[in-house]
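As structure tokens, the structure follows; a few thoughts come after it.
FYI, it's all coordinate maths here, none of it is from the lab. Computed from a prediction, not measured in an experiment: that's the story for all the values here. All Cβ positions, even for glycine, are placed from backbone atoms using ideal geometry, and neighbour counts span all protein chains on display.
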Amino acid sequence: MAERIVLLPGDGIGPEVTEQARRVLVAAGRAVGLEFEFTTELIGGCSIDAHGTPLRDEVIAACKQSRAVLLGAVGGPKWDAMPVSVRPEKGLLGIRKALGLFANLRPAAVFPALVNASALRPEIVDGVDMLVVRELTGGIYFGEPRGREGAKGARRAFNTMVYDEHEVARITRVAFEQARIRRRHVTHVHKANVLDTSQLWVEVVDEIAKEYPDVELAHQLVDSCAMLMVQQPKKFDVIVTENLFGDILSDEAAMITGSLGMLPSASLATGGFGLFEPVHGSAPDIAGKDIANPLAAIQSVAMLLETAFTESGGAKAAAAVRKAVTAVLDAGHRTGDLLLPGEKRATVGCKQMGDLVLGALERGKS
Ligand code: NAD
């Protein structure tokens, strides 16, 4: 039976990179006996243009009936002047909330061929392969009470960092499950020397860790973690942390790799259901020119395969996708964004990069 996947290409380069990702998903899935049925829906600016709103209930319903959602990107200057409540980004926040996506997974892996793209020295970044698992629906971004009071001279503003035990437990399990398909090491990042919420996190993470005796656990203060990530990034396998720390550390991890067009992500709900998307935005400056780098979207497909189809060959298919991407980069193919300053090399376009990955996938089978 065909597995239902909802495509939300969105705006700007979203449709271009999502199409290449879709082609790779079909080919990699077929190689392990998976067939897909795709439904394409609107989100963001294109939905505002067609329906006057960035996200419709029908789209949420379609996503809920699918096995996984593959998203491109939303937004662009055309909609920048609109009120915040109806901007394209509201569609993204809306779908994350409606689907209960509490776990954000952001891998940062350095491809040997791109080791010079990082702002850090090659010997420091060569071999980096970490995954930041960020709690996405709790903590200080959502805690109540929040607000402002007082007049000028006596103004006050406040937010509340609050976590329930079950919120910590469920994200911790996601991190440990991920560690099991990686190098079996989890670093929990906290500020337990100051924050009560962090003390609860340490307690609950320790309790959940007992369910995973095969995975090693370390606790790390967030300030020293930020330093270690640039000093010895190879030390890390899976990092699990609360919303605010994760927001900052996942961007720090991303920059270690040096290339925005290469970074995939997954946002997961209970039961492993997920939305998969590149980290980059809609890149309106290069939209419609067939020059966008589709490799972040293609690697999001690898995450989709190994997460949503773990039981049916998904891990094998994901490994094949990553191997194909590595082979294409090792062979010297680059989209324009991957060129180093001053580098002279012929570049390939978005579709051509998709073709190259498909070719490498095909060759990898033999
Ligand atoms: P951006 O990620 O779209 O672009 C930043 C720079 O990186 C641009 O120069 C762009 O050309 C380049 N770039 C990004 N992805 C690329 C790719 N795959 N290949 C080649 N080059 C790539 O960020 P921005 O310019 O700050 O935002 C543009 C729009 O995207 C805004 O409307 C913003 O709100 C939106 N946005 C959406 C998301 C999302 O949908 N998840 C995330 C970030 C920004």
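General observations
- Beta bridge orientation in the chain: antiparallel %, DSSP, nearest 5: 40 percent
- The alpha carbon centroids of the range 7-50 and the range 316-338 are separated by 19 Å.
- Residues within the reach of a label modelled at Leu195 (point 7 angstrom out along Cα to beta-carbon, backbone nitrogen below 18 Å), restricted to the range 101-119, are 102-106.
- For the chain, built as a Gaussian network whose Cα springs stay under 10 Å, the top-fluctuating residue of Thr160, Thr137, Thr241: Thr160
- Overall dimensions of the chain, expressed as equivalent-ellipsoid semi-axes from the Cα gyration tensor (√(5λ), whole Å, largest first), are 31, 26, 22.
- Listed by chain and number, the lysines placed with their C-alpha closer than 16 angstrom to that of Lys90 are Lys78; residues fewer than eight positions away on the same chain are left out.
- Whole-Å distance, taken between Cα centres, linking the range 249-292 and the range 181-204: 25 Å
- With 0.36 nm allotted per residue and the present C-alpha distance subtracted, the Glu35-Ile181 stretch has 50.2 nm of extension available.
- Expressed to the nearest 5 percent, the antiparallel share of DSSP beta bridges inside the range 134-254 is 20 percent.
- Placed amide H near Ala108: partners under 5 Å, 5+ positions off or other chain: Met130, Leu131, Val132
- Across the range 134-254, Cα pairs under 8 Å and at least six residues apart give a relative contact order of 33 percent.
- Taking other residues whose beta carbon is less than 14 angstrom from the beta carbon of Leu42, and scoring Lys, Arg as +1 and Asp, Glu as -1, yields -3.
- Kirkwood-type radius of the range 134-254, with distances r between different C-alpha atoms, in Å: 15.3 Å
- For the chain, the 222 nm mean residue ellipticity estimated from helices alone, with every DSSP H stretch of n ≥ 4 adding -39500 (n - 2.57) and the total spread over all residues, rounds to -13000 deg cm²/dmol.
- Taking the chain and dividing mean pair separation by its residue count, relative contact order in percent (alpha carbons under 8 Å, at least six apart): 23 percent
- If you count Lys pairs in the range 134-254 whose Cα atoms are under 23 Å apart, skipping same-chain pairs closer than 8 places in sequence, the total is 4.
- Computing FRET efficiency as 1/(1 + (r/R0)^6) for Asp57 and Tyr141, where r is the C-beta to C-beta distance and R0 is 22 Å, gives about 0.35.
- Fluctuation leader among Ile239, Ile60, Ile256 - the chain, Gaussian network, Cα springs under 10 angstrom: Ile60
- Virtual spin-label span in nm between Asp251 and Lys97, 7 Å along Cα→Cβ: 2.2 nm
- Highest-MSF residue in the chain out of Leu295, Leu340, Leu42 [GNM, Cα springs under 10 Å]: Leu340
- In this structure, the amide hydrogen of Ala218, modeled 1.01 Å from its nitrogen in the peptide plane, lies closer than 5 angstrom to those of Val186, Thr187, His188, counting only residues at least 5 positions away or on a different chain.
- Summarising the strand pairing of the range 184-309, around 35 percent of its internal DSSP beta bridges are antiparallel.
- The length gained on full extension between His166 and Ala226, counted as 0.36 nm times the residue separation minus their Cα-Cα distance, comes to 18.9 nm.
- Sum of side-chain charges, Gly139 neighbourhood, beta-carbon under 13 Å (Lys, Arg +1; Asp, Glu -1): -4
- Counting only residues at least eight positions apart within a chain, or on another chain, the lysines with an alpha carbon under 25 Å from that of Lys365 are Lys316, Lys323, Lys351.
- Residue order, fewest to most beta carbons within 10 Å, for His51, His188, His333: His51, His333, His188
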